[in-house]
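To keep things clear, I will list the structure first and then write my remarks on it.
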Amino acid sequence: KMEYVTCTAPVNIAVIKYWGKRDEKLVLPMNSSVSVTLSQDQLRAKTTIAACKTFSNDKIWLNGREESFDNPRIQNLLHEVKCRARIQNGSDLDQLLSWKIHICSENNFPTAAGLASSAAGYACLAFTLAQLYKVTGDVSDIARRGSGSACRSVYGGFVVWNKGENIDGTDSIARQILPHTHWSDLHILILVVSDQKKHTGSSEGMQKTVQTSELYKQRVKCVPERTDDIIDAIKNKDFDKFAEITMKDSNQLHAVCLDTYPPISYLTDTSRDIMTLVHRYNTFKAQNKVAYTFDAGPNACLYLNEADVPGVISIIEYFFPPTSQSQHFITGLPINTRAIEKEFISNVTIPIQPDGLKYVIHTTVGDGPRVCTNE
Ligand code: DP6
């Protein structure tokens, strides 16, 4: 006999960044964070887990390649979900829990593109295991064991991960602020600057920051007010405010990275060109129309309202002309009209390295993990 289940989970992009742990083992953050969950139509992880009496070992395949099951993050997550299953189901599941499992997980986007693939992957693992072992209720703290940012991918829409106060981490969980339907015309453009993975990993980077940065102490103090303010901006769909806080928080993250010793720099010349372009455009429009945010890599994530997508795309294509190799320069949701921001383009002169952008993914806000039937 065999039990199996398949689920999908989304990517999330933080607007208030998680950076720094107060407990490495339990994955407890120094500050709360806020994120937007992206649509699974464009970006998602998909995981199938089978449990069988005759399997002799636990095994895992990521994007078709077998990986070690001894990974402490996977072990930590699996231990937590099994404990929860025993508490909730008593001895009913003893047999199933004793069987070995085979896990097969794949992303529908490049893993190394710096697109928080670990968040979607670990959220999907936690959610799928919870389905298999009939665990009910919040699974964000289970996902958190895999990767901190993964706890926010177990919900759709707008999500806050409360840092929590308890030393055992029981109150360090994510919750939904509002579903994706609340602000469905909020669109996202992911500007892939590089799909090479060669920078300091976030776990290692944040550890160094906590140990060495003076500026970081200041950051931790100002995050609570920012978190409250951005939650208000989301509730009121106040894009101007949402954008300002998002950009300031991204800039502060990268400032504390540079203040880390030895310094960590994730941004490249192209990342900074994108920042300049966004600020010039917002100034030209006399209000914030676009917000950028950067994680532990050079790729930009832009938030903007649907109505501004065609104009902003025209600017991106003008300053970063697609090369002959980039046939599918823009993927994801189609661009409905081809409005061109002629006046802006002819008024600004910014020295930009033209071949800086690889491709652009156009997507929107999306819902949380799903169980796939008939698969
Ligand atoms: C910059 O969740 O990857 O993307 O908990 O060590 O696995 P670990 O770190 P991870 O860190 C994400 C950092 C970030 C900001 C964010 O997503 O909030």
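The values are calculated or read from the model by the stated rules, or taken from the named source; none is laboratory data. This is a predicted model, so every value here is computed, not measured. Methodologically, a virtual Cβ is constructed for each residue, glycine included, from the backbone with ideal geometry; neighbour enumeration extends over all protein chains shown. The accessibility values were calculated without ligands, DNA or RNA, using every heavy atom of the protein model including side chains. Shrake-Rupley method; radii C 1.70, N 1.55, O 1.52, S 1.80 Å.
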Taking a point 7 angstrom from the Cα of C52 along the C-beta vector, which residues in the range 1-25 have backbone N less than 14 Å away?
1-5
Please list S194, S56 from largest to smallest accessible area, probe radius 1.4 Å, with all protein chains kept in place.
S56, S194
So who's got an amide H within less than 5 Å of the one on L178, skipping anything under 5 residues away but keeping other chains? H placed 1.01 Å off N, in plane.
F158
Treating the Cα atoms of the chain as identical point scatterers in vacuum, please give the log10 of the normalised Debye intensity I(q)/I(0) at q = 0.07 Å⁻¹, two decimals.
-0.31
Rounded to the nearest 10 degrees, what's the angle between the helix 202-212 long axis and the longest principal axis of the chain, both from Cα atoms, 0 to 90?
80
Charge dipole (debye, nearest 20) of the range 255-375; +1 at Cβ of Lys and Arg, -1 at Cβ of Asp and Glu:
220
Pick out which of T136, T246, T47 has the largest mean-square fluctuation in a Gaussian network model of the chain, springs linking Cα atoms closer than 10 Å.
T136
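Report in % the part of the accessible area of the chain that belongs to carbon and sulfur, leaving out ligands and nucleic acids; probe 1.4 Å.
Values: 8270 of 16680 Å².
Taking all protein chains in place, the chain shows 50 percent carbon and sulfur surface.
Relative contact order (percent) for the chain, with alpha-carbon contacts under 8 angstrom and 6 or more residues of separation?
So the answer I get is 23 percent.
Give the calculated FRET efficiency between E306 and E106 to the nearest 0.05, with a Förster radius of 35 Å applied to their Cβ-Cβ distance.
Details: r = 30 Å, r/R0 = 0.84.
The formula returns an efficiency of 0.75 here.
Which of the trypsin sites (Lys or Arg not before Pro) found in the range 307-368 are loop residues per DSSP with 11 or fewer other Cβ atoms within 10 Å of their Cβ? It would help to have the intermediate numbers written out before the result.
Numbers: sites: R338, K342, K358; in loops: R338, K358.
Sites meeting the loop and neighbour criteria: R338.
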Output ³J(HN,Hα) for the range 346-353: one whole-Hz value per residue in order, computed from phi by the Karplus curve 6.51 cos²θ - 1.76 cosθ + 1.60 with θ = phi - 60°, and x for Gly and Pro.
7, 8, 10, 10, 10, x, 10, 6
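Skip the ligands, DNA and RNA, and give the accessible area per residue of the chain with a 1.4 Å probe, whole Å².
Working: 16680 Å² over 375 residues.
That works out to 44 Å² per residue.
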Check cross-link reach from K17 to the aspartates and glutamates: straight Cα distance under 16 Å, and skip same-chain residues fewer than eight apart.
E204, E225, D228, D229, E244, D249, D295
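What trypsin sites (Lys or Arg not before Pro) does the range 5-81 have in DSSP loop regions with at most 13 other beta carbons within 10 Å?
Those that pass, being in a loop and sparsely packed, are K25, K53.
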Over the chain, with a Gaussian network built from C-alpha contacts below 10 Å, which listed residue (G332, G20, G146) shows the highest mean-square fluctuation?
G332
Once you place label points 7 Å from the Cα toward the Cβ at M2 and T331, how far apart are they in nm?
3.0
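Quick check on my link table: of K21/K217; K25/K100; K46/K248; K46/K237, which ones sit more than 23 Å apart, alpha carbon to alpha carbon? Working shown, then result.
Working: K21/K217 13 Å; K25/K100 25 Å; K46/K248 33 Å; K46/K237 31 Å.
Listed pairs above 23 Å: K25/K100; K46/K248; K46/K237.
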Please list, in order along the range 178-190, the HN-Hα scalar couplings obtained from phi with the Karplus expression 6.51 cos²θ - 1.76 cosθ + 1.60 (θ = phi - 60°), rounded to whole Hz, x for Gly and Pro.
8, x, 4, 5, 4, 9, 6, 8, 7, 10, 10, 10, 9
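Hey, got the dipole for the chain? About the Cα centre, +1 on K and R Cβ, -1 on D and E Cβ, debye to the nearest 20? Don't jump to the answer; show the numbers that get you there.
Details: 40 positive and 41 negative charges, 102 e Å.
Here the size comes out at about 500 debye.
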The Cα extents of the range 219-375 along the principal axes, largest first and rounded to whole Å, are 51, 45, 34
For the range 80-94, take each phi angle, set θ = phi - 60°, evaluate the Karplus expression 6.51 cos²θ - 1.76 cosθ + 1.60, and give the result in whole Hz per residue in order, putting x for glycine and proline.
5, 5, 5, 4, 4, 4, 5, 5, 7, 10, x, 8, 4, 9, 3
Which residues does a label at E66 reach in the range 32-51, if reach means a backbone N under 12 Å from a point 7 Å past the Cα toward the Cβ?
none
Would you mind telling me which residue in C301, C257, C52 has the biggest mean-square fluctuation in a Gaussian network model of the chain, where springs connect alpha carbons within a distance under 10 angstrom?
C52
